[in-house]
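Report on the structure given below.
What follows is calculated from the coordinates using simple rules that are stated; it is not laboratory data. Just so you know, these numbers come straight off a predicted model, no measurement behind them. Cβ atoms come from the backbone with ideal geometry, glycine included; neighbour counts cover every protein chain shown.
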Amino acid sequence: MNIYVSNLSFNVQDEDLRSYFAEYGDVSSAKVITDKFTQRSKGFGFVEMSDDAAAQKAIAELDGAMVDGRSIKVMIARPKEERPQGGGNGGYGGGGNRRPGGGGGGSRW
């Protein structure tokens, strides 16, 4: 079962997360999500436990627990929703008021 853990202290590392859940059963993986540029924790992570009953017990007992001075939120992870295709006009729109001919002055002749 995949478990979502939020409101983590920025000091919590993968191994810390693993150890919190290991008391309840076998932890297949534990990952604190970090910013890809700064490598700083984003304050949440995921734990994968092979035994669903152990995972449910861990969720029940750790949700709201104080970890490193913060009350963590623990729940079953939901799959990432499919993002709709198209639409959105993302990015930097703009550029609509340009005059034809470009810049750089006209011809000298």
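Take region 2-76, compute every pairwise Cα distance, and split them into 5 Å bins from 0; I just need the percent in each bin.
Over region 2-76, the share of Cα pairs per 5 Å bin runs 3, 18, 31, 26, 13, 5, 2, 0 percent.
What nm distance separates the two modelled labels at F44 and F10, each placed 7 Å from Cα along Cα→Cβ?
1.8 nm
Excluding residues fewer than 8 places away in the same chain, name every one of the aspartates and glutamates whose C-alpha is closer than 19 Å to that of K73.
Straight-distance partners of K73: D14, E15, D16, E23, E48, D52, E61, D63.
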